[in-house]
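The values are calculated or read from the model by the stated rules, or taken from the named source; none is laboratory data. Nothing here was measured: the structure is a model prediction, and the numbers come from that model. All Cβ positions, even for glycine, are placed from backbone atoms using ideal geometry, and neighbour counts span all protein chains on display.
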Amino acid sequence: MKIDNSIKSVGTPSGGRRSATGNNAAAQPSAGTASPAAGVAVELSPMAARLQEISGSLASTPVVDAGRVSEIKQAIAEGRFTVDPGKIADGLIAGVRQMIAAQS
């Protein structure tokens, strides 16, 4: 079988044309295509603006407090870390109550 390197474009599965370099000619805008106006203004609702603000602040907040983790590791290593089973049980019960209340 002989491969002919003179092929300039190949059909893509979507029916568009693609050049041999891999650029999709169908995705490039033609000279007659209108572009969006440069002076278009978009207004966000107060809720959307607040959500955007919260999202920005959460992005800068670390997920884990490395200092606290280090303190707990040190306490475990030194034998100073104690577990209060009553506090854990209370927390579990409170969590289950919240889940039940949310389903009602």
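Residue by residue, here is whether (1) at pLDDT 90 or above; (2) part of a helix (DSSP H, G or I); (3) exposed (fewer than 10 other Cβ atoms within 10 Å of the Cβ) holds:
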{"position": "T21", "(1), (2), (3)": "no, no, yes"}
{"position": "A41", "(1), (2), (3)": "no, no, yes"}
{"position": "A49", "(1), (2), (3)": "no, yes, no"}
{"position": "T61", "(1), (2), (3)": "no, no, yes"}
{"position": "V69", "(1), (2), (3)": "yes, yes, no"}
{"position": "I76", "(1), (2), (3)": "yes, yes, no"}
{"position": "V83", "(1), (2), (3)": "yes, no, yes"}
{"position": "I88", "(1), (2), (3)": "yes, yes, no"}
{"position": "A102", "(1), (2), (3)": "yes, yes, yes"}
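Among residues of region 56-68 that are over 18 Å from F81 (Cβ atoms) and without any contact (Cβ under 8 Å) to a residue 12 or more places away in the chain, none has a Cβ under 7 angstrom from a residue that is surrounded by 10 or more Cβ atoms within 10 Å (Cβ to Cβ) and among the acidic types (D, E) at a sequence gap of 6+ or on a separate chain. Taking G56, is it modelled with pLDDT under 90 and in a helix (DSSP H, G or I)? Yes, satisfied.
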